[in-house]
Amino acid sequence: MVVKAQAGAGSRVMAGRGWLPRAGWALGLVLTLACGGSPETSSASSSLGLPPPGDQPFLDVTAAAGLDFRHRVGDGLMDNIVESLGSGAAWFDADGDRDLDLYLMNQGWREGVSSTPRGELAGNRLFANLGDGTFEDVTETAGVGDTGYGYSAAVGDLDNDGDADLYVANCGANRLYINRGDGIFREAAAQAGVDDERCSAGATFLDADGDGSLDLYVANYLNFDPDYTLHYAPDVYPGPLAFAAEGDALYRNRGDGTFEDWTTRAGIDAVPAGRAMGVVAADFDLDGRHDVFVANDASENFLFNNLGRGVFEETGVGSGVAYGVNGEATGAMAGSVGDLDNDNLPDILVTDTSYGSLYRNSVDGLFEDLVLSSGLAAPSGQWVSWGGGFFDFDNDADVDVLLVNGDLKHPTGRPDLLLANAGDGVFETVDGGDYFGTSRLGRGGAFADFDDDGDLDVLITNLEDTPVLLRNDWPERGHWLGLRLVGTTSNRDGLGAGVTIEAAGRRWERVHHASSGYLTQSDPRLHFGLGEAELVDLLEVEWPSGSRQTFEKLEADRYYTVTEDQGIE
């Protein structure tokens, strides 16, 4: 078996911006005192080079990795609901060298959002992975330093040309960056017809109609009115129900570089708008078509069942995923997809302002909320949980959970939580190291094996603070298998491909989807924790086109690339 080696970064001639934007004085001071927020790091003053593994299960390597970035609210006050959402990040291979690069979103001052006189803009930044665990700011050369009011980014190969394109969701005009193949991008949102100017919290790619081109779902939040102040709750600013909801949008890829608004034809606007915070597309009923789960703030969640040819039916209430465990519409942030009990059905973990929800899937298409019996409700109910989700941090073949926490309306930090799966879908808080004893205004959480050592690391974004890159150094880890799918007849990213593996008498079944969380997109590769299995007896890939490939006797602890109808390397 031939395995493709991970390419090094090679030589780059990239110039960083060399600027560090001004902190909002009020919130920055409070965070420093209340949250233990770290000061800004500077690559010029820090000696890069990652420390070796020690006694920390998850080690903060942010500064050592060269991620000299700080999120800016805009006016430093966090005094309205639009500012409270924070910003996220996306992991993807921007330059085609097989190393995962990191795109970090930012906000800064925006008219109609910020309450102070005009301030400094704060742009998004792209950090290229140098292949040794460190990163270099390549924003200016790559051309992706958008200065809109950024929330999240989605990644997909929209033109099936073999490189990753980037969609940026803003409160205001969204951006579409088309990759020309060498990590340099051109902005084409207006030309492509996807420059949505609403307040877009999230976005994800899927092949909604099965034509081999990736379509785009944009989750829109609310129509913010800065002049509205009439509210009676003892809070610092009006909540989501004070503002009208914005409708979501589905854009169909025509395959020629442009999109058409498919929202009405798809049936997405057949239900009232829901103040969307997050969206994830996955094949929940295993019928070969990606469905869409939308987490809504203070209103019922949506589950759009794909009926075929890009037409959807909303089934959230009937499926059991519309409301929280007490029958209420929670302040839901996002849904993470994973198999919590190893029955090969995709379950949904929802972070929210209450206990959260843990929707267990069943063969009849109904979901049951197990957040109480799973042990998640007690720890998550203490805080407001924003990002995080399912990931197998110790490669023991059971998905575990990260909860990224932060106060909702006050600049008060909260500790994040790491919970291990006992193997039966019951979770218990575990010690992940010193970082989990600190408090920050956490927002997004994204998982990626940035150093290609086979375990999933964590990137956490924080409001008005530096992000945190946690390298996974868990001492007792199982074996693993990583897969990169490359479609030829199917969409290039292989979204919708069914993957089956068998090892040590166990069978895993998964349908590949864009790993979208709250404001984040995680590692685009498939990751399987294998426990004690050192050999994969069978790997089978069934592509959306109907083509099927089977491989046997693969060594564990490696990344493989499977190309549709061409083989594995």
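The values are calculated or read from the model by the stated rules, or taken from the named source; none is laboratory data. Quantities reported herein were computed from a predicted structural model and do not represent experimental measurements. In this analysis, Cβ positions are derived from the backbone assuming ideal geometry, glycine residues included, and neighbour counts consider all displayed protein chains. Quick note on the areas: whole protein, heavy atoms, side chains included, nothing else; ligands and nucleic acids left out. Shrake-Rupley method; radii C 1.70, N 1.55, O 1.52, S 1.80 Å.
Label positions at Leu307 and Val430, each projected 7 Å from the Cα along the C-beta direction, are separated by 4.5 nm. Across all Cα atoms of region 452-542, the radius of gyration (one decimal) and Dmax (whole number) stand at 15.5, 48 Å.
Per residue, the accessible area of region 331-422 comes to 28 Å² when a 1.4 Å probe rolls over the protein heavy atoms.
Could you check how much of the accessible area of the chain is carbon and sulfur, as a whole percent, using a 1.4 Å probe? Numbers along the way, then the final one.
Details: 9910 of 20250 Å².
Accessible surface attributable to carbon and sulfur in the chain totals 49 percent.
Karplus-based coupling profile of region 440-454, in residue order and whole Hz: 9, 8, x, 9, x, x, 10, 10, 6, 8, 5, 9, 6, 9, x, with θ = phi - 60° in 6.51 cos²θ - 1.76 cosθ + 1.60 and x standing for Gly or Pro. Of interest is the spacing of the C-alpha centroids, which for region 299-318 and region 422-456 amounts to 31 Å. If you take the Cα centroid of region 236-260 and the Cα centroid of region 493-569, the two points sit 32 Å apart. Loop-located GluC sites (Glu not before Pro) across region 301-364 with a Cβ neighbour count of 13 or fewer within 10 Å are Glu328, with loop assigned by DSSP. Solvent exposure of Arg98, expressed as accessible area, is near 50 Å², computed with a probe of 1.4 Å over the protein chains only. Normalised by the number of residues in the chain, the mean separation of alpha-carbon contacts (under 8 Å, six or more apart) gives a relative contact order of 14 percent.
I want the local charge near Thr488. Using Cβ-Cβ distances under 10 Å, sum +1 for each Lys or Arg and -1 for each Asp or Glu among the other residues.
-1
Rg and Dmax over the alpha-carbon atoms of the chain stand at 21.6, 67 Å.
So what's the net charge close to Thr62: Lys and Arg +1, Asp and Glu -1, counting the other residues with Cβ under 10 Å from its Cβ?
On the way: positive: Arg471; negative: Asp60, Asp68.
So the environment of Thr62 carries a net charge of -1.
Between the C-alpha center of region 61-102 and that of region 156-179 there is a gap of 17 Å. Value of Rg to Rh for region 342-414, rounded to two decimals, is 1.01; Kirkwood radius and Rg both from alpha-carbon coordinates.
Size estimate for region 397-492 follows the Kirkwood approach: the inverse of mean 1/r over distinct Cα pairs works out to 15.3 Å. Note on surface exposure: Glu111, Glu83 rank Glu111, Glu83 by accessible area, highest first, 1.4 Å probe. Here Ser380 sits with roughly 10 square angstrom of accessible surface, probe radius 1.4 Å. Applying 1/(1 + (r/R0)^6) with R0 = 45 Å to the Cβ-Cβ distance of Glu532 and Ser362 gives a FRET efficiency near 0.95. Once you list every other residue whose beta carbon is under 9 Å from the beta carbon of Ser547, what net charge do they have if Lys and Arg are +1 and Asp and Glu are -1? Taking every Cβ under 9 Å from that of Ser547, the sum is -2. Under the simplified labelling scheme, the Ile184-Ser373 pair shows an inter-label distance of 5.8 nm, with each label point 7 Å from Cα along Cα→Cβ.
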